[in-house]
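The values are calculated or read from the model by the stated rules, or taken from the named source; none is laboratory data. Quantities reported herein were computed from a predicted structural model and do not represent experimental measurements. No Cβ is skipped: glycine too gets one built from the backbone with ideal geometry, and neighbour counts run over all protein chains shown.
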Amino acid sequence: MHPVRILSLTLLLASSPLLAQEAGDFSFNGFGTLGITRLGGEDSGRSYGIQGQVNDRWRGDELSRLGGQFTYHVRNDLVATAQVKAAADQDSWGLDLDWLYLAWETTDRLTLRAGRLRNPVYMYSETLNVGVTYPWLRLPDEVYYQLQIADYEGADLLYSIPLDFGSLTWQVNGGQAHNRNHFIHDDQHDMDYRKIFGINATLTTHDWGTFRIAYSEASLNMHLPYMDGTPLEGIADDVKGKFTAVGYQYDDGTWMATSEATRIVIEGLTPSYDAFYVMAGRRFGNLGAHLTYAQLDDEFTGRQSSWTGGLTYRLTPMVILKGEYKRVDNAGGSQGVFVREGNEYLEALARSQLLGQPMRTFDGDILSAGIDFLF
């Protein structure tokens, strides 16, 4: 079996609890990334990314992480799983409990899970922090920066249907996530996600790759201090957010391709956001190369687009060296994934609406290098 498939199977323990093992069995799998990244081509002090961790200095806090997954078989059909990760939250480091749940395999096809789970909105949601499962050092920002909630408290069910040419898996989930960190306009706020509901379907074929479609919604509540005292105060209270995604993935050990397209709508608060990326790559033994085009469209401010080229080299079956270059361009007043301070954003918005002055756009070049590993 190709090393990539071996690693993927090793790391998908949470979604496939391996219930054939005996009661009392315990397992541990570790993963991590050591990486550095830098933004060039922009004015000093500008930053980029979900938490603004990329700027004109070489930094390792956005890409670097260390985690472990623990699995305990309570009995043959009941498994407890926990995953802990050490990573940076803005400028400080801490421990996060990504997963803590029980999985009950009621039949060969149906599994029920309850506890703290991954929010399964993206193709790589289950392995979001496990870099060996995807070719990039940084997942395409245009798509993956949109939903900052990674986990929730609740339950889901997975139902798998075997087919002659592969398998079809349905997943339905629901729950809530209170006091989650949400980064916006150079500051961090508490966000409550209530009444989370989602459904997705994944068709895995033997020869044609994997196809996925997902839908998720939640009631959102967030306090924005820089809106206090303005007509927009309380605008982010109890609004409904909807997220839709379709994806495709192919990997035969030599050729690889991945694409996702998403739409997010927050009713009555923001315009819709449409985003997608398309990646194609090839392996030459232990060496791999890939090229990605990504695009994010904001109905209100404009478009961010980017090209990313990367190289990977498999040092061992468990260690992958990666390097990539990303060129980001914004148009039409879009700030894209670049960070503006709250006051700066409101002032630019006012000038745009009242005086017709175009909002400033930002462009940049992002260099990243690092190593993904398992242990």
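Assorted remarks:
- When residues in segment 220-261 are screened for being closer than 18 Å to Gly198 by Cβ, at pLDDT 90 or above and either touching a Gly at 6+ places or on another chain (Cβ under 9 Å) or not in a strand (DSSP E or B) (or both), 3 of them pass.
- Some residue of segment 146-159 being surrounded by 18 or more Cβ atoms within 10 Å (Cβ to Cβ), over 18 Å from Ser216 (Cα atoms), in contact with a Ser or Thr (Cβ under 9 Å, 6 or more places away or on another chain) and at pLDDT below 95: no
- Enumeration of residues in segment 179-212 that are touching a Lys or Arg at 6+ places or on another chain (Cβ under 8 Å) and of a type outside the set (Asp, Glu): His185, Met191, Tyr193, Asn200, Ala201, Thr202, Leu203
- Selection status of Pro120, outside any loop (DSSP other than H, G, I, E, B) and under 22 Å from Asp251 (Cβ atoms): no
- Residues (crowded, with 24+ Cβ neighbours inside 10 Å and closer than 29 Å to Asn76 by Cβ) located in segment 120-145: Val130
- Contacts under 6 angstrom Cβ, first residue in segment 68-84 being in contact (Cβ under 8 Å) with a residue 60 or more places away in the chain and under 24 Å from Asp108 (Cβ atoms), partner of a type in the set (A, V, I, L, M, F, W, C) and assigned to a strand (DSSP E or B), 6 or more apart: Val79/Ala103; Thr81/Trp99
- Unique residue being at pLDDT below 95 and aliphatic (A, V, I, L, M) when the list is Leu269, Leu291: Leu269
- A count restricted to segment 39-77 and to residues that are buried (at least 16 other Cβ atoms within 10 Å of the Cβ), touching a Leu at 6+ places or on another chain (Cβ under 8 Å) and not in a loop (DSSP other than H, G, I, E, B) stands at 5.
Okay, residues lined up against (1) within 21 Å of Ile371 (Cβ to Cβ); (2) surrounded by 19 or more Cβ atoms within 10 Å (Cβ to Cβ); (3) of a type in the set (D, E, K, R); (4) without any contact (Cβ under 8 Å) to a residue 40 or more places away in the chain:
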site	(1), (2), (3), (4)
Val278	no, no, no, yes
Gly281	yes, yes, no, no
Gly288	yes, yes, no, no
Tyr293	no, no, no, yes
Thr301	no, yes, no, no
Pro317	yes, no, no, no
Val328	no, yes, no, no
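- Contact map, segment 240-268: first residue more than 24 Å from Ser216 (Cα to Cα), second residue at pLDDT below 95 and surrounded by fewer than 16 Cβ atoms within 10 Å (Cβ to Cβ), Cβ cut-off under 7 Å, separation 6 or more or different chains; pairs are Gly253/His2.
- Residues that are farther than 30 Å from Gln171 by Cβ and either part of a strand (DSSP E or B) or touching a Pro at 6+ places or on another chain (Cβ under 7 Å) (or both), drawn from segment 89-103: Ser92, Trp93
- Lone qualifier among Ala86, Ala82, Ala114 - being under 28 Å from Lys242 (Cβ atoms), in a strand (DSSP E or B) and not aromatic (Phe, Trp, Tyr): Ala114
- Every residue from segment 106-119 that is modelled with pLDDT under 95 and touching an Asp or Glu at 6+ places or on another chain (Cβ under 7 Å): Arg118, Asn119
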